[in-house]
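Peer 1: This structure is in structure tokens; I'll ask about it shortly.
Just so it is clear, none of the values below were taken in a lab; they were calculated from the coordinates. Worth saying up front: this structure is predicted, and the values here are computed from it rather than measured. Reconstructed Cβ throughout: ideal geometry from the backbone, glycine too, with neighbour counts over all protein chains shown.
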Amino acid sequence: MKGLRLTELYPSIQGEGPNMGAVTTFVRFGGCNFRCPGWPCDTQHAIQPSIWKNDPIVEPVALSHRIKNEMPGSNVCITGGEPTMQPEADLQQLASDLLLSGYTIDVFTNGSLVELPGWMHHPRVTVMMDWKLGGSGEANGGLGVRFDNAYNLSPKDGIKFVICTPQDFEDAYALYKSIPTTARFWAGAAWGKYKESKLVKQIMEHDLPWRMNVQVHKYIWPNIEKGI
């Protein structure tokens, strides 16, 4: 396939990660190698082939033009689904064009499919790697690739745990101790599955340098599943 399978393009605020609160253009691509049956995923329209295969395929130059001419702000979030399922050359062309125009980029990825490409190590690109735990139902997917990618992340990047069960927290704590990385760590409670106040208490009890991930957009726009 040539071109990018575009599921959503819309402006909002970044609801999570280090750029939380920034006006951001969300570029959501269709396709994912995981299904996360334990939660389930909150973007079914981007992971179910029966849905996203009907979405348009766009050229990276045309998509960049739309972002620069139709969307507010100077931060772009590339997400999915799993964005690294898109053609590597097209994804790089989109990112390179945006970076040359002065944009910052957030990339949300599970980091399990491929070695993260060079452009993701650019100083103005922040990678947020969503490390799947047992509660997601996808704990064992692509573990070797995930560890390799985590090793190559830098302090500008983050590894995010989503806690669904008490065992998830214990597993996240053990992984934090064992993952060789300089990236920062974030933790959030699976929506409707785990109490955020309990997670905060656990983070403090273990004296962890983790940042709390609260998905602010879900408080501002509850029950909105696609775009705004």
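Peer 1: If the cut-off is a Cα-Cα distance under 18 Å, which aspartates and glutamates reach LYS68, setting aside same-chain residues fewer than 8 apart in sequence?
Peer 2: Once the sequence-local aspartates and glutamates are set aside, what remains near LYS68 is GLU8, GLU59, ASP90, ASP97, ASP106.
Peer 1: Identify all lysines with a Cα-Cα distance to LYS132 below 24 Å; exclude those on the same chain that are fewer than 8 residues away in sequence.
Peer 2: Hits, sequence-local ones excluded: LYS156, LYS160, LYS177, LYS193, LYS195, LYS198, LYS201, LYS218, LYS226.
Peer 1: Give me the percent of DSSP beta bridges within the chain that run antiparallel, rounded to the nearest 5.
Peer 2: 25 percent
Peer 1: Where Lys and Arg each count +1 and Asp and Glu each count -1, what net charge lies around LEU98 among other residues with Cβ under 15 Å from its Cβ?
Peer 2: Residues close to LEU98 contribute a combined charge of -2.
Peer 1: What percentages make up the Cα-Cα pair-distance distribution of the chain when the bins are 5 Å wide from 0?
Peer 2: Taking all Cα pairs of the chain, the binned fractions are 1, 7, 15, 20, 21, 18, 11, 5, 2, 0 percent.
Peer 1: Let me ask another. Identify the trypsin sites (Lys or Arg not before Pro) of segment 6-56 meeting these criteria: DSSP loop state and at most 11 other C-beta atoms within 10 Å of the C-beta.
Peer 2: LYS53
Peer 1: While we're looking at this one, here's another question. Rounded to whole Å and sorted largest first, what semi-axes of the equivalent ellipsoid does the C-alpha gyration tensor of segment 113-220 yield via the square root of 5 times each eigenvalue?
Peer 2: 23, 16, 14
Peer 1: Here's another thing I want to ask about it. Using the Cα centre as the reference, give the magnitude of the dipole from point charges on the C-beta atoms of segment 115-164 (Lys, Arg: +1; Asp, Glu: -1; all else neutral), rounded to the nearest 20 debye.
Peer 2: 160 debye
Peer 1: Does anyone have the angle between helix 166-178 and the longest principal axis of the chain? Alpha-carbon axes, 0 to 90°, nearest 10?
Peer 2: It is inclined by approximately 80 degrees.
Peer 1: Sort out for me the Cα centre separation of segment 93-125 from segment 148-204, rounded to whole Å.
Peer 2: Distance between centres, Cα-based: 22 Å.
Peer 1: Let me ask something additional. Whats the longest run of the chain with zero GluC sites (Glu not before Pro) that are DSSP loop and have at most 16 other Cβ atoms within 10 Å?
Peer 2: Formally, the longest exposed-site-free interval is 1-114.
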